[in-house]
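Here is the structure we will look at, set down as structure tokens.
Bear in mind these aren't lab numbers, they're just calculated from the coordinates by the rules spelled out. Because the structure is a prediction, the values reported are computed rather than measured. Cβ atoms come from the backbone with ideal geometry, glycine included; neighbour counts cover every protein chain shown.
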Amino acid sequence: MAVSVFGELLITAGLVLGLFVVYSLWWTNVVADRAAHKEADKVRDSWMQDRDTGPGALDTRNGIGFLHVPAMRNGEVLVEKGTSTKILNDGVAGYYTDPVKATLPTSGKNGNFSLAAHRDGHGAKFHNIDKVKKGDPIVFETKDKWYVYKVYAVLPETSKYNVKVLGAVPKESGKKKAGHYITLTTCTPVYTSRYRYVVWGELVRTEKVDSERTLPKELR
């Protein structure tokens with residue numbers, strides 16, 4: 001009898017664990033993607049209507065632009081202010097405000113546009129970050145401009161406490177002078193948050209957005 005009861009408990013525990021995995025890795029993606037699409041539509045609608053809620057309105061919760069990384073095969077990713085769990089759980093990428101403040105490309109200043117997003121669950125926008133290689137493009141889209149970056153360095157694993165990778169001059173990437181950089185960060189290995197995976201890019205050019213919002217050649 002005891003063996004039978006123990007076996008049933010194991011089966012029940014297995015079912016509960018299975019449901020939790022489904023929730024964590026599938027349902028949270030569904031919910032996050034819905035939320036992200038809703039917010040993305042708001043941003044694009046505001047751009048079309050020429051309201052003052054585009055990339056210059058940095059306090060808007062609707063986001064400041066869209067990240068495009070073809071190598072990740074994740075479509076466009078809405079970018080919002082902040083990297084808290086609450087923000088990233090909505091299936092977006094967030095730019096750092098703490099412990100190191102990101103330099104937005106729209107400012108025109110030298111610095112590092114540092115971003116984070118989940119790698120599994122909650123939209124998993126950076127799930128395929130390991131597919132990004134040196135020379136690959138990273139494009140940031142705002143209401144008025146395309147900012148085209150080229151990946152020049154990748155750090156597959158570093159401490160989650162290593163904030164130097166977010167520096168205005170990311171020296172761990174090999175750079176020693178001020179410039180216009182972008183940094184993508186996420187958890188690694190997949191399905192853990194033990195370490196951080198880092199990709200660095202450098203701005204190679206900007207393009208003005210035309211009336212048709214024609215994609216840069218890197219995204220065609």
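Brief remarks follow.
- Listed residue (Y161, N110, P99) projecting farthest to the positive dipole end of segment 86-180, Cβ model: N110
- Chymotrypsin sites (Phe, Trp or Tyr not before Pro) within segment 95-164: DSSP coil, no more than 13 neighbouring Cβ in 10 Å: Y161
- Gained length - R205 relative to N128, 0.36 nm times residue gap less alpha-carbon distance: 25.2 nm
- Nearest-20 debye value, segment 141-220 charge dipole, Cβ charges on Lys, Arg, Asp, Glu: 300 debye
- Which listed pairs, of K42/K171; K164/K208; K160/K217; K38/K145; K150/K171, have C-alpha distances above 27 Å, in listed order: K42/K171; K164/K208; K160/K217
- Electrostatic bookkeeping for K160 treats Lys and Arg as +1 and Asp and Glu as -1; over the other residues with beta carbon under 11 Å from its beta carbon, the sum is +1.
- Signed unit charges on C-beta, dipole axis of segment 126-220, positive-most listed residue T214, Y181, H127: Y181
- Relative contact order %, segment 105-172, counting alpha carbon pairs below 8 Å whose residues are six or more apart: 28 percent
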